[in-house]
Amino acid sequence: MSTLKAVRGTRDLLPPETELWNRVERTAREVFSRYNFGEIRTPIFEDTSLFARGVGEETDIVSKEMYTWEDRARAQSEKAQSLTLRPENTAGVVRAYIEHKLGEAGLLQKLYYIGPQFRRERPQKGRYRQFWQIGAEVIGPTSAGSESPLRDAEVLEMLASFLDELGISGWRLEINSVGSALDRPRYVAALREALAPVKHLMCEDNQRRAETNPLRVLDSKDPNDQELINNLPKIADYLDEDSKAHFAAVLAALDACGVPYHVNPRLVRGLDYYTRTTFEFTHGGLGAQNALLGGGRYDGLSENIGGPKAPGIGFAMGEDRLILTLQAQAEQQATLADYYIAPLAAELNPAALELARELRRKGLRIEVGDGSFRLKKSFEVANKLAKKIILLGEDEASTGVLTVKDFATAEQTKVARAELA
Ligand code: AMP
(Lines give C-alpha, C1' and ligand atoms only; values in the text may rest on other atoms or scores of the structure.)
Protein backbone atom coordinates (compact mmCIF):
# COMPACT_ATOMS: atom_id res chain seq x y z
CA MET A 1 0.00 0.00 0.00
CA SER A 2 1.36 3.42 -0.81
CA THR A 3 1.72 5.75 2.17
CA LEU A 4 -0.72 8.62 2.42
CA LYS A 5 0.61 12.13 2.44
CA ALA A 6 -0.79 15.61 3.01
CA VAL A 7 -2.47 16.80 -0.18
CA ARG A 8 -0.31 18.84 -2.60
CA GLY A 9 -0.26 22.48 -1.55
CA THR A 10 -1.20 21.72 2.07
CA ARG A 11 1.17 21.04 4.95
CA ASP A 12 1.41 20.15 8.60
CA LEU A 13 2.64 22.77 11.03
CA LEU A 14 4.66 21.16 13.78
CA PRO A 15 6.37 22.32 16.96
CA PRO A 16 8.63 24.18 17.45
CA GLU A 17 7.49 26.14 14.36
CA THR A 18 3.96 26.42 15.72
CA GLU A 19 5.37 28.53 18.56
CA LEU A 20 6.34 31.13 15.98
CA TRP A 21 2.80 30.96 14.51
CA ASN A 22 1.40 31.57 17.97
CA ARG A 23 3.71 34.52 18.53
CA VAL A 24 2.62 36.10 15.24
CA GLU A 25 -1.06 35.63 16.12
CA ARG A 26 -0.55 36.91 19.67
CA THR A 27 1.20 40.03 18.38
CA ALA A 28 -1.61 40.63 15.88
CA ARG A 29 -4.26 40.34 18.59
CA GLU A 30 -2.33 42.69 20.89
CA VAL A 31 -1.69 45.32 18.26
CA PHE A 32 -5.22 45.19 16.79
CA SER A 33 -6.82 45.50 20.22
CA ARG A 34 -4.90 48.75 20.79
CA TYR A 35 -6.75 50.08 17.73
CA ASN A 36 -9.99 48.78 19.21
CA PHE A 37 -10.63 45.94 16.73
CA GLY A 38 -12.68 42.91 17.77
CA GLU A 39 -12.41 39.36 16.41
CA ILE A 40 -14.86 37.83 13.94
CA ARG A 41 -14.93 34.17 12.90
CA THR A 42 -16.91 33.34 9.78
CA PRO A 43 -17.56 29.86 8.29
CA ILE A 44 -14.85 28.23 6.20
CA PHE A 45 -17.31 27.55 3.38
CA GLU A 46 -19.97 29.81 1.93
CA ASP A 47 -22.48 29.91 -0.89
CA THR A 48 -20.48 30.07 -4.12
CA SER A 49 -22.39 33.11 -5.34
CA LEU A 50 -20.98 35.19 -2.46
CA PHE A 51 -17.52 34.98 -4.02
CA ALA A 52 -18.77 35.23 -7.60
CA ARG A 53 -20.57 38.48 -6.76
CA GLY A 54 -18.18 39.73 -4.09
CA VAL A 55 -14.74 38.97 -5.49
CA GLY A 56 -15.72 39.12 -9.19
CA GLU A 57 -16.40 36.49 -11.88
CA GLU A 58 -13.49 37.65 -14.03
CA THR A 59 -10.81 37.43 -11.34
CA ASP A 60 -8.29 34.57 -11.36
CA ILE A 61 -9.51 33.54 -7.93
CA VAL A 62 -13.12 32.99 -8.96
CA SER A 63 -12.55 31.86 -12.54
CA LYS A 64 -9.95 29.17 -11.80
CA GLU A 65 -8.80 28.84 -8.20
CA MET A 66 -11.83 28.03 -6.06
CA TYR A 67 -12.65 24.69 -4.44
CA THR A 68 -16.31 24.41 -5.30
CA TRP A 69 -18.73 21.50 -5.02
CA GLU A 70 -22.42 20.76 -5.26
CA ASP A 71 -23.83 19.97 -1.84
CA ARG A 72 -26.28 17.11 -1.77
CA ALA A 73 -29.93 18.24 -1.82
CA ARG A 74 -31.76 17.36 1.39
CA ALA A 75 -35.10 16.69 -0.28
CA GLN A 76 -35.98 15.78 -3.85
CA SER A 77 -37.74 19.06 -4.34
CA GLU A 78 -34.63 20.98 -3.27
CA LYS A 79 -31.91 22.06 -5.63
CA ALA A 80 -28.34 21.13 -4.76
CA GLN A 81 -26.51 24.17 -3.39
CA SER A 82 -23.14 25.18 -4.79
CA LEU A 83 -20.65 25.69 -1.95
CA THR A 84 -17.07 26.99 -1.96
CA LEU A 85 -14.17 26.88 0.49
CA ARG A 86 -13.43 30.52 1.19
CA PRO A 87 -10.55 31.82 -1.00
CA GLU A 88 -10.43 35.04 1.07
CA ASN A 89 -12.31 36.43 4.06
CA THR A 90 -13.49 39.93 3.16
CA ALA A 91 -16.60 38.74 1.32
CA GLY A 92 -17.55 36.56 4.31
CA VAL A 93 -17.06 39.44 6.77
CA VAL A 94 -19.20 41.77 4.66
CA ARG A 95 -21.88 39.07 4.33
CA ALA A 96 -21.90 38.75 8.14
CA TYR A 97 -22.04 42.55 8.48
CA ILE A 98 -25.16 42.58 6.31
CA GLU A 99 -26.75 39.47 7.84
CA HIS A 100 -26.41 40.72 11.42
CA LYS A 101 -27.28 44.32 10.51
CA LEU A 102 -24.05 45.48 12.13
CA GLY A 103 -24.40 48.89 10.47
CA GLU A 104 -27.66 49.73 12.20
CA ALA A 105 -25.99 51.10 15.33
CA GLY A 106 -24.52 53.79 13.09
CA LEU A 107 -20.96 53.08 14.23
CA LEU A 108 -17.87 51.84 12.47
CA GLN A 109 -17.31 48.11 12.75
CA LYS A 110 -13.64 47.20 13.22
CA LEU A 111 -13.24 43.46 12.81
CA TYR A 112 -10.22 41.19 12.47
CA TYR A 113 -9.92 37.50 11.60
CA ILE A 114 -7.27 34.81 11.63
CA GLY A 115 -7.81 31.62 9.67
CA PRO A 116 -7.16 29.34 6.71
CA GLN A 117 -8.12 30.23 3.12
CA PHE A 118 -8.13 27.96 0.08
CA ARG A 119 -7.04 28.59 -3.50
CA ARG A 120 -6.15 26.09 -6.16
CA GLU A 121 -2.92 27.83 -7.20
CA ARG A 122 0.29 26.22 -8.43
CA PRO A 123 2.18 25.53 -5.18
CA GLN A 124 5.65 27.03 -4.73
CA LYS A 125 7.63 28.67 -1.93
CA GLY A 126 5.26 31.07 -0.17
CA ARG A 127 2.24 29.88 -2.19
CA TYR A 128 0.03 27.10 -0.90
CA ARG A 129 -3.46 25.77 -1.55
CA GLN A 130 -4.38 26.04 2.10
CA PHE A 131 -2.77 29.14 3.60
CA TRP A 132 -3.48 31.38 6.56
CA GLN A 133 -4.52 34.97 6.50
CA ILE A 134 -4.65 37.51 9.29
CA GLY A 135 -6.87 40.33 8.16
CA ALA A 136 -9.04 43.18 9.31
CA GLU A 137 -11.89 45.30 7.99
CA VAL A 138 -13.17 48.75 8.94
CA ILE A 139 -16.70 49.06 7.61
CA GLY A 140 -19.80 51.08 8.38
CA PRO A 141 -22.35 53.58 7.15
CA THR A 142 -21.02 56.73 5.52
CA SER A 143 -22.37 58.76 8.47
CA ALA A 144 -19.90 56.92 10.72
CA GLY A 145 -16.98 58.24 8.67
CA SER A 146 -16.27 54.98 6.87
CA GLU A 147 -15.23 56.80 3.69
CA SER A 148 -12.74 59.08 5.44
CA PRO A 149 -9.12 58.93 4.24
CA LEU A 150 -8.18 58.94 7.92
CA ARG A 151 -9.45 55.34 8.13
CA ASP A 152 -7.11 54.29 5.30
CA ALA A 153 -4.12 55.97 6.92
CA GLU A 154 -4.93 54.53 10.35
CA VAL A 155 -5.08 51.00 8.95
CA LEU A 156 -1.75 51.49 7.15
CA GLU A 157 -0.12 52.94 10.26
CA MET A 158 -1.42 49.95 12.26
CA LEU A 159 0.18 47.58 9.74
CA ALA A 160 3.50 49.41 9.92
CA SER A 161 3.38 49.17 13.73
CA PHE A 162 2.47 45.49 13.62
CA LEU A 163 5.36 44.59 11.29
CA ASP A 164 7.81 46.66 13.35
CA GLU A 165 6.62 45.07 16.58
CA LEU A 166 6.89 41.60 15.10
CA GLY A 167 10.48 42.46 14.18
CA ILE A 168 10.11 42.31 10.39
CA SER A 169 12.63 44.78 9.03
CA GLY A 170 12.96 45.98 5.46
CA TRP A 171 9.27 45.99 4.48
CA ARG A 172 8.12 48.29 1.70
CA LEU A 173 4.66 49.84 1.42
CA GLU A 174 3.38 50.37 -2.12
CA ILE A 175 0.21 52.36 -2.53
CA ASN A 176 -2.05 53.54 -5.32
CA SER A 177 -5.58 54.75 -5.95
CA VAL A 178 -7.75 52.85 -8.42
CA GLY A 179 -10.44 55.51 -8.29
CA SER A 180 -14.13 55.35 -7.51
CA ALA A 181 -16.71 53.13 -9.17
CA LEU A 182 -17.26 56.06 -11.55
CA ASP A 183 -13.58 56.57 -12.43
CA ARG A 184 -12.85 52.94 -13.09
CA PRO A 185 -15.00 52.34 -16.20
CA ARG A 186 -13.51 55.45 -17.87
CA TYR A 187 -10.01 54.17 -17.16
CA VAL A 188 -10.81 50.63 -18.28
CA ALA A 189 -12.19 52.03 -21.55
CA ALA A 190 -8.97 54.00 -22.07
CA LEU A 191 -6.92 50.90 -21.31
CA ARG A 192 -8.89 48.83 -23.80
CA GLU A 193 -8.34 51.46 -26.45
CA ALA A 194 -4.60 51.65 -25.74
CA LEU A 195 -4.28 47.85 -25.66
CA ALA A 196 -6.14 47.24 -28.93
CA PRO A 197 -3.26 48.06 -31.29
CA VAL A 198 -0.53 46.41 -29.16
CA LYS A 199 -2.09 43.42 -27.45
CA HIS A 200 -1.13 41.01 -30.25
CA LEU A 201 2.51 41.69 -29.28
CA MET A 202 1.91 40.52 -25.71
CA CYS A 203 2.04 37.09 -24.09
CA GLU A 204 -1.01 34.83 -24.35
CA ASP A 205 -2.16 35.56 -20.78
CA ASN A 206 -2.12 39.30 -21.40
CA GLN A 207 -3.96 38.92 -24.70
CA ARG A 208 -6.72 37.14 -22.82
CA ARG A 209 -6.69 39.70 -19.96
CA ALA A 210 -6.84 42.56 -22.44
CA GLU A 211 -10.21 41.13 -23.48
CA THR A 212 -11.69 39.93 -20.20
CA ASN A 213 -10.19 42.21 -17.53
CA PRO A 214 -7.71 44.80 -18.87
CA LEU A 215 -6.74 45.98 -15.36
CA ARG A 216 -5.10 42.61 -14.80
CA VAL A 217 -2.59 43.37 -17.58
CA LEU A 218 -1.01 45.91 -15.22
CA ASP A 219 -0.23 43.11 -12.71
CA SER A 220 1.66 41.11 -15.33
CA LYS A 221 5.25 40.20 -14.54
CA ASP A 222 6.02 38.96 -18.09
CA PRO A 223 9.43 40.55 -18.81
CA ASN A 224 8.77 41.01 -22.55
CA ASP A 225 5.59 42.98 -21.97
CA GLN A 226 6.92 45.45 -19.40
CA GLU A 227 7.78 48.24 -21.82
CA LEU A 228 4.37 48.08 -23.49
CA ILE A 229 2.70 48.07 -20.08
CA ASN A 230 4.71 51.06 -18.86
CA ASN A 231 3.42 53.03 -21.85
CA LEU A 232 -0.24 52.34 -21.08
CA PRO A 233 -2.39 55.14 -19.63
CA LYS A 234 -2.01 55.69 -15.87
CA ILE A 235 -5.03 55.51 -13.63
CA ALA A 236 -3.94 58.66 -11.78
CA ASP A 237 -4.90 60.63 -14.91
CA TYR A 238 -8.46 59.28 -14.76
CA LEU A 239 -9.31 60.04 -11.14
CA ASP A 240 -12.02 62.61 -10.53
CA GLU A 241 -11.42 65.50 -8.12
CA ASP A 242 -12.92 63.65 -5.13
CA SER A 243 -10.77 60.58 -5.64
CA LYS A 244 -7.66 62.71 -6.13
CA ALA A 245 -8.35 64.63 -2.94
CA HIS A 246 -9.03 61.38 -1.06
CA PHE A 247 -5.72 59.89 -2.16
CA ALA A 248 -3.81 63.10 -1.35
CA ALA A 249 -5.34 63.10 2.14
CA VAL A 250 -4.29 59.49 2.76
CA LEU A 251 -0.72 60.30 1.75
CA ALA A 252 -0.67 63.48 3.84
CA ALA A 253 -1.78 61.54 6.94
CA LEU A 254 0.93 58.93 6.31
CA ASP A 255 3.51 61.70 5.99
CA ALA A 256 2.29 63.25 9.24
CA CYS A 257 2.77 60.04 11.21
CA GLY A 258 6.03 59.10 9.49
CA VAL A 259 4.99 55.92 7.66
CA PRO A 260 7.19 55.61 4.54
CA TYR A 261 5.49 54.60 1.27
CA HIS A 262 6.04 54.39 -2.49
CA VAL A 263 3.28 55.32 -4.92
CA ASN A 264 3.05 52.57 -7.55
CA PRO A 265 0.69 53.58 -10.38
CA ARG A 266 0.47 49.96 -11.60
CA LEU A 267 -0.78 48.52 -8.33
CA VAL A 268 -4.38 47.47 -9.07
CA ARG A 269 -4.53 44.10 -7.24
CA GLY A 270 -6.35 40.92 -8.16
CA LEU A 271 -9.81 41.45 -6.69
CA ASP A 272 -12.58 43.36 -8.41
CA TYR A 273 -14.06 44.99 -5.33
CA TYR A 274 -11.33 47.56 -4.71
CA THR A 275 -12.06 51.28 -5.03
CA ARG A 276 -9.73 54.21 -4.34
CA THR A 277 -6.85 53.19 -2.04
CA THR A 278 -5.06 49.92 -2.81
CA PHE A 279 -1.84 48.85 -1.15
CA GLU A 280 0.66 46.06 -0.68
CA PHE A 281 3.49 45.53 1.78
CA THR A 282 6.31 43.62 0.11
CA HIS A 283 9.52 42.08 1.41
CA GLY A 284 12.68 41.47 -0.62
CA GLY A 285 13.50 38.25 1.26
CA LEU A 286 10.45 36.41 -0.09
CA GLY A 287 11.56 35.89 -3.70
CA ALA A 288 8.93 35.69 -6.46
CA GLN A 289 5.97 35.69 -4.06
CA ASN A 290 7.09 38.93 -2.43
CA ALA A 291 3.76 40.28 -1.13
CA LEU A 292 3.48 40.05 2.64
CA LEU A 293 0.01 41.49 2.59
CA GLY A 294 -2.44 43.35 0.45
CA GLY A 295 -5.57 45.36 0.85
CA GLY A 296 -7.60 48.34 -0.07
CA ARG A 297 -10.87 50.16 0.07
CA TYR A 298 -14.10 48.55 -1.13
CA ASP A 299 -16.81 51.20 -1.06
CA GLY A 300 -19.30 49.24 -3.21
CA LEU A 301 -18.82 45.67 -1.98
CA SER A 302 -21.75 45.57 0.44
CA GLU A 303 -24.15 46.80 -2.25
CA ASN A 304 -22.68 44.31 -4.76
CA ILE A 305 -23.78 41.46 -2.53
CA GLY A 306 -27.18 42.88 -1.76
CA GLY A 307 -26.49 44.94 1.38
CA PRO A 308 -26.83 48.59 2.32
CA LYS A 309 -24.23 51.16 1.37
CA ALA A 310 -21.30 50.39 3.66
CA PRO A 311 -17.92 51.68 2.54
CA GLY A 312 -14.93 49.98 4.05
CA ILE A 313 -11.22 49.32 3.97
CA GLY A 314 -9.30 46.20 4.88
CA PHE A 315 -6.27 44.03 4.35
CA ALA A 316 -5.16 40.42 4.46
CA MET A 317 -1.68 39.34 5.50
CA GLY A 318 -0.24 36.04 4.37
CA GLU A 319 0.64 34.48 7.71
CA ASP A 320 2.72 31.79 6.00
CA ARG A 321 4.80 34.57 4.43
CA LEU A 322 5.21 36.45 7.72
CA ILE A 323 6.59 33.22 9.19
CA LEU A 324 8.93 32.62 6.22
CA THR A 325 10.27 36.15 6.57
CA LEU A 326 10.84 35.82 10.31
CA GLN A 327 12.60 32.47 9.83
CA ALA A 328 14.85 33.86 7.09
CA GLN A 329 15.69 36.87 9.27
CA ALA A 330 16.53 34.68 12.26
CA GLU A 331 18.78 32.49 10.11
CA GLN A 332 20.54 35.52 8.72
CA GLN A 333 20.96 37.08 12.16
CA ALA A 334 22.56 33.88 13.43
CA THR A 335 25.33 34.08 10.86
CA LEU A 336 25.99 37.81 11.08
CA ALA A 337 29.03 39.32 12.78
CA ASP A 338 28.36 41.68 15.69
CA TYR A 339 30.34 44.53 14.11
CA TYR A 340 31.95 45.42 10.83
CA ILE A 341 34.78 47.89 11.42
CA ALA A 342 35.20 50.32 8.51
CA PRO A 343 38.49 52.29 8.62
CA LEU A 344 37.94 55.51 6.67
CA ALA A 345 41.50 55.73 5.28
CA ALA A 346 44.27 53.23 4.55
CA GLU A 347 46.37 54.80 7.35
CA LEU A 348 43.70 53.71 9.81
CA ASN A 349 43.94 50.01 8.93
CA PRO A 350 46.29 49.24 11.85
CA ALA A 351 43.95 51.07 14.27
CA ALA A 352 41.03 49.02 12.88
CA LEU A 353 42.89 45.78 13.48
CA GLU A 354 43.77 46.87 17.00
CA LEU A 355 40.10 47.66 17.75
CA ALA A 356 39.07 44.31 16.24
CA ARG A 357 41.56 42.51 18.48
CA GLU A 358 40.19 44.29 21.53
CA LEU A 359 36.56 43.42 20.71
CA ARG A 360 37.30 39.82 19.69
CA ARG A 361 39.02 39.29 23.03
CA LYS A 362 35.76 40.29 24.64
CA GLY A 363 34.03 37.49 22.71
CA LEU A 364 32.45 39.53 19.89
CA ARG A 365 32.32 38.37 16.29
CA ILE A 366 34.10 41.01 14.19
CA GLU A 367 34.67 41.67 10.48
CA VAL A 368 37.28 44.25 9.44
CA GLY A 369 36.98 46.19 6.18
CA ASP A 370 39.73 48.12 4.46
CA GLY A 371 40.59 51.82 4.43
CA SER A 372 40.83 51.75 0.63
CA PHE A 373 37.07 51.03 0.36
CA ARG A 374 34.75 53.89 -0.45
CA LEU A 375 32.20 54.57 2.29
CA LYS A 376 29.33 53.31 0.09
CA LYS A 377 31.12 50.02 -0.52
CA SER A 378 31.88 49.61 3.21
CA PHE A 379 28.19 50.03 4.00
CA GLU A 380 27.12 47.55 1.31
CA VAL A 381 29.56 44.89 2.46
CA ALA A 382 28.86 45.53 6.14
CA ASN A 383 25.11 45.25 5.60
CA LYS A 384 25.60 41.71 4.25
CA LEU A 385 28.03 40.54 6.91
CA ALA A 386 27.29 42.28 10.20
CA LYS A 387 24.54 43.59 12.43
CA LYS A 388 26.28 46.93 12.94
CA ILE A 389 29.01 49.00 11.32
CA ILE A 390 31.64 51.00 13.22
CA LEU A 391 33.08 53.98 11.35
CA LEU A 392 36.70 54.57 12.28
CA GLY A 393 38.02 57.95 11.12
CA GLU A 394 40.87 60.15 12.39
CA ASP A 395 38.62 61.80 14.97
CA GLU A 396 37.18 58.54 16.19
CA ALA A 397 40.63 57.00 16.54
CA SER A 398 41.90 59.93 18.61
CA THR A 399 38.82 60.61 20.79
CA GLY A 400 37.76 56.99 21.27
CA VAL A 401 34.14 57.92 20.53
CA LEU A 402 32.93 55.85 17.59
CA THR A 403 30.05 56.23 15.16
CA VAL A 404 27.94 53.05 15.10
CA LYS A 405 25.04 52.28 12.80
CA ASP A 406 22.61 49.47 13.58
CA PHE A 407 21.26 47.99 10.32
CA ALA A 408 18.11 46.54 11.90
CA THR A 409 16.91 49.88 13.26
CA ALA A 410 18.81 52.19 10.86
CA GLU A 411 19.84 54.16 13.97
CA GLN A 412 23.22 55.88 14.05
CA THR A 413 24.74 56.67 17.45
CA LYS A 414 28.02 57.73 19.06
CA VAL A 415 29.42 55.06 21.37
CA ALA A 416 32.49 55.22 23.61
CA ARG A 417 35.04 52.55 22.71
CA ALA A 418 34.85 50.88 26.11
CA GLU A 419 31.07 50.47 25.75
CA LEU A 420 31.11 48.67 22.37
CA ALA A 421 31.04 45.24 23.99
P1 AMP B 1 -5.05 38.56 -1.55
O2 AMP B 1 -6.20 38.01 -0.75
O3 AMP B 1 -4.85 37.88 -2.86
O4 AMP B 1 -5.06 40.04 -1.60
O5 AMP B 1 -3.74 38.17 -0.73
C6 AMP B 1 -3.37 38.78 0.48
C7 AMP B 1 -2.12 38.13 0.99
O8 AMP B 1 -2.37 36.75 1.26
C9 AMP B 1 -0.98 38.10 -0.01
O10 AMP B 1 -0.24 39.28 0.05
C11 AMP B 1 -0.17 36.90 0.46
O12 AMP B 1 0.69 37.27 1.52
C13 AMP B 1 -1.22 35.97 0.99
N14 AMP B 1 -1.56 34.93 0.01
C15 AMP B 1 -2.40 35.00 -1.03
N16 AMP B 1 -2.46 33.81 -1.70
C17 AMP B 1 -1.63 32.97 -1.04
C18 AMP B 1 -1.24 31.60 -1.21
N19 AMP B 1 -1.74 30.85 -2.20
N20 AMP B 1 -0.34 31.07 -0.35
C21 AMP B 1 0.18 31.82 0.66
N22 AMP B 1 -0.16 33.09 0.88
C23 AMP B 1 -1.04 33.68 0.05
**Fill in**
So, for the Cα atoms of the stretch 337-419, Rg and Dmax in Å stand at 11.3, 30
**Prompt:** If you line up the long axis of helix 149-166 against the longest principal axis of the chain, both from Cα atoms, how many degrees apart are they, to the nearest 10?
**Reply:** 50
**Per residue value of the accessible surface for the stretch 318-421 (all protein chains in place, 1.4 Å probe), Å²** = 55
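Between Asp164 and Ala196, how high is the FRET efficiency from 1/(1 + (r/R0)^6) when r is the Cβ-Cβ distance and R₀ = 51 Å? Nearest 0.05.
Numbers: r = 46 Å, r/R0 = 0.90.
Efficiency for this residue pair is about 0.65.
Where Lys and Arg each count +1 and Asp and Glu each count -1, what net charge lies around Ala418 among other residues with Cβ under 12 Å from its Cβ?
With Lys, Arg at +1 and Asp, Glu at -1, the net is 0.
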**Restraint check, Lys384/Lys414; Lys79/Lys110; Lys234/Lys309; Lys64/Lys125; Lys110/Lys244; Lys199/Lys384, Cα-Cα greater than 32 Å** = Lys79/Lys110; Lys199/Lys384
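Counting other Cβ atoms within 10 Å, which GluC sites (Glu not before Pro) in the stretch 46-113 have at most 11 and lie in a DSSP loop?
Numbers: sites: Glu46, Glu57, Glu58, Glu65, Glu70, Glu78, Glu88, Glu99, Glu104; in loops: Glu57, Glu58, Glu78, Glu88.
Here the sparse-neighbourhood loop sites are Glu78.
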**Prompt:** Hey, what's the Cα Rg ratio for the stretch 106-221 versus the globular rule of thumb, 2.2 N^0.38 Å?
**Reply:** 1.40
**Request:** Quick one: net charge around Leu195, please, counting Lys, Arg +1 and Asp, Glu -1 for every other residue with C-beta under 10 Å from its C-beta.
**Result:** +1
**Prompt:** What do you get when you divide the Cα radius of gyration of the stretch 81-128 by 2.2 N^0.38 Å, with N the number of residues?
**Reply:** 1.53
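Determine the share of the chain's accessible area contributed by carbon and sulfur atoms, expressed in whole percent, with a 1.4 angstrom probe.
Working: 10670 of 21060 Å².
Taking all protein chains in place, the chain shows 51 percent carbon and sulfur surface.
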**Prompt:** Å³ per residue of the Cα convex hull, for the chain?
**Reply:** 212
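Which trypsin sites (Lys or Arg not before Pro) does the stretch 1-91 hold that lie in a coil by DSSP with at most 15 other beta carbons within 10 Å?
Values: sites: Lys5, Arg8, Arg11, Arg23, Arg26, Arg29, Arg34, Arg41, Arg53, Lys64, Arg72, Arg74, Lys79; in loops: Lys5, Arg8, Arg11, Arg41, Arg72, Arg74, Lys79.
Loop-located and lightly packed - Lys5, Arg8, Arg11, Arg41, Arg72, Arg74, Lys79.
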**Complete:** Dipole check, the chain, charges on Cβ (K,R +1; D,E -1), about Cα centroid: among Ile98, Leu191, Leu20 the Cα furthest to the positive pole belongs to Leu20
**Prompt:** Under a Cβ-Cβ cut-off of 14 Å, what is the net charge of the residues other than Ser49 that fall near it, where Lys and Arg count +1 and Asp and Glu count -1?
**Reply:** -1
**Request:** With +1 on each Lys and Arg Cβ and -1 on each Asp and Glu Cβ, and nothing else charged, work out how big the dipole of the chain is about its Cα centre, in Debye to the nearest 20.
**Result:** 920
**Fill in**
the stretch 232-282 and the stretch 66-125 have their Cα centres apart by a whole-number Å value of 27
**Dipole-positive endmost among Ser161, His283, Thr10 within the chain (Cβ charges, Cα centre)** = Thr10
**Request:** Let me know the charge dipole size of the stretch 187-233 about its Cα centre in debye, to the nearest 20, where only the beta-carbon of Lys, Arg (+1) and Asp, Glu (-1) is charged.
**Result:** 140
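Please compute the alpha carbon radius of gyration of the stretch 187-233, then divide it by the globular-protein estimate 2.2 N^0.38 Å. Two decimals is fine.
Working: Rg = 9.0 Å, N = 47, 2.2 N^0.38 = 9.5 Å.
Cα-based Rg divided by the globular estimate yields 0.95.
Percent relative contact order of the stretch 187-233, based on C-alpha pairs within less than 8 angstrom and at least six residues apart? Write out the running numbers ahead of the final one.
Values: 35 pairs, mean separation 19.5, N = 47.
It rounds to 41 percent for the stretch 187-233.
Would you mind calculating the relative contact order of the chain from Cα pairs under 8 angstrom and at least 6 residues apart, reporting the percent as a whole number?
Working: 731 pairs, mean separation 62.9, N = 421.
Once normalised by length, the contact order is 15 percent.
The values are calculated or read from the model by the stated rules, or taken from the named source; none is laboratory data. Computed from a prediction, not measured in an experiment: that's the story for all the values here. For neighbour counting, all protein chains shown are included, and Cβ atoms are generated from backbone atoms with ideal geometry for every residue, glycine included. The protein model used for the area step is the full one, side chains on, heavy atoms only, and it has no ligands, DNA or RNA in it. Shrake-Rupley method; radii C 1.70, N 1.55, O 1.52, S 1.80 Å.
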